[in-house]
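Peer 1: This is the structure, below, for whatever I ask next.
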Amino acid sequence: MSQLVIEDLHVEIGSREVLRGFDLTMSSGEVHVIMGPNGSGKSTLAHALTGHPGYRITGGRASIDGVNLLELTPSERVHAGLFLALQHPLDVPGVRLVDALVSAGATGEDVRERMRVEAERLGLRDELLDRFINVDLSGGERKRAEMVQFGILRPHFAVLDEIDSGLDVDALGAVARRLSQATTEWNCGVLAITHFRRLLQELTPDVIHVVSAGRVVATGGAELSEQLEAEGYEPFAALGR
Ligand code: ADP
Ligand code: MG
């Protein structure tokens with residue numbers, strides 16, 4: 001069993017501290033959801049975990065099984081078992097998915113054939129896999145292509161920022177189903193970030209974390225999402241100040 005531990009993480013953008021002591025621990029096979037209002041620092045967490053240069057870590061730790069992710073290059077983080085899906089995946093003209101996957105360490109008999117099988121599970125047309133990464137793909141196709149990468153790399157932990165934004169019901173269902181299956185297929189831990197409750201209907205979380213002003217202010221089960229539904233984020237905001 002693996003553990004992802006984020007401890008007292010502080011992150012600045014420019015001169016502003018956006019994450020102010022963020023804590024979260026999860027084990028493989030679990031599904032955790034981070035919810036919080038706009039501007040609470042959810043995407044900042046995802047960017048900081050990728051190693052995005054604009055996000056300065058000023059304190060704290062993030063590790064998988066004791067390996068400090070924050071000291072690693074983005075590609076070393078992938079090798080350490082971290083998969084990140086950002087809200088706005090970049091186009092990568094000139095690079096095909098299969099090449100990116102091989103250079104990310106995908107091995108085995110035939111990566112392209114495994115990609116075909118993954119694409120079929122997600123309802124993605126196979127020929128799209130031969131295009132340059134994300135070039136001329138629709139929102140739903142991009143997310144499905146990203147989930148093909150996920151299925152090939154089989155990470156210990158996947159962090160997904162706003163996977164539900166811009167997806168239709170069918171695409172969201174396909175993505176959520178693939179993530180759920182991964183939790184049993186290879187005991188993947190899934191950390192999904194969202195500000196919509198819609199995702200919770202598709203992806204049944206074990207644990208929900210509410211974020212306000214750069215830190216986790218509440219952690220619980222389904223009762224938290226019911227409270228959010230009834231009362232909104234306002235009662236939690238006071239806890240973050
Ligand atoms: P969320 O994803 O929870 O909506 P973000 O992590 O994107 O929130 O943003 C948290 C705060 O950081 C916001 O106040 C936002 O304005 C600020 N912020 C985010 N990205 C940048 C950036 N590139 N430059 C300056 N401020 C930023
Ligand atoms: Mg965001």
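The values are calculated or read from the model by the stated rules, or taken from the named source; none is laboratory data. Everything quoted here is computed from the prediction, not taken from an experiment. Please note: Cβ atoms are built from the backbone with ideal geometry, for glycine as well, and neighbour counts cover all protein chains shown.
Peer 1: Would you please name the residue that is farthest from ligand 1 (Cβ to nearest atom), looking only at residues in segment 157-175 that are surrounded by fewer than 22 Cβ atoms within 10 Å (Cβ to Cβ) and within 29 Å of LEU69 (Cβ to Cβ)?
Peer 2: Applying the filter and picking the extreme gives ALA174.
Peer 1: Could you grab me the full set of residues in segment 181-200 that are more than 12 Å from the chain's Cα centre (by Cα), modelled with pLDDT of 95 or more and either within 16 Å of ligand 1 (Cβ to nearest atom) or among the hydroxyl-bearing types (Ser, Thr, Tyr) (or both)?
Peer 2: THR183, THR184
Peer 1: Which one is nearest to ligand 2 (Cβ to nearest atom) among residues in segment 83-136 that are among the polar types (S, T, N, Q) and exposed (fewer than 14 other Cβ atoms within 10 Å of the Cβ)?
Peer 2: SER103
Peer 1: Moving to a separate point now. Those residues that are surrounded by fewer than 18 Cβ atoms within 10 Å (Cβ to Cβ) and among the β-branched types (Val, Ile, Thr), I need them from segment 1-23; list them, please.
Peer 2: Once the filter is applied, which keeps residues that are surrounded by fewer than 18 Cβ atoms within 10 Å (Cβ to Cβ) and among the β-branched types (Val, Ile, Thr), segment 1-23 yields VAL5, ILE13.
Peer 1: So which of ILE163, ILE152, ILE193 ends up being part of a loop (DSSP other than H, G, I, E, B) and under 23 Å from ARG77 (Cα atoms)?
Peer 2: ILE163
Peer 1: Give the residue, chosen from VAL78, VAL95, VAL102, that is in a helix (DSSP H, G or I) and either over 26 Å from THR194 (Cβ atoms) or touching a Cys at 6+ places or on another chain (Cβ under 6 Å) (or both).
Peer 2: VAL102
Peer 1: Of (1) in contact with a helix residue (DSSP H, G or I) (Cβ under 9 Å, 6 or more places away or on another chain); (2) away from ligand 2 (no atom under 13 Å from the Cβ); (3) small (Gly, Ala, Ser), GLY59 satisfies all except one. Which?
Peer 2: The single condition GLY59 does not satisfy is (1).
Peer 1: Related question: Inside segment 56-115, can you point out the residues that are among the polar types (S, T, N, Q) and either farther than 19 Å from SER27 by Cα or modelled with pLDDT under 85 (or both)?
Peer 2: Within segment 56-115, THR58, THR73, SER75, GLN87, SER103, THR107 meet the criteria.
Peer 1: Let me ask something additional. Return the total of residues in segment 131-152 being among the acidic types (Asp, Glu) and at pLDDT below 85. Working first, answer last.
Peer 2: Step one: list which residues in segment 131-152 are among the acidic types (Asp, Glu), which gives 136, 141, 146.
From the residues that got through so far, the ones that are at pLDDT below 85 too are 136.
Final tally of qualifying residues: 1.
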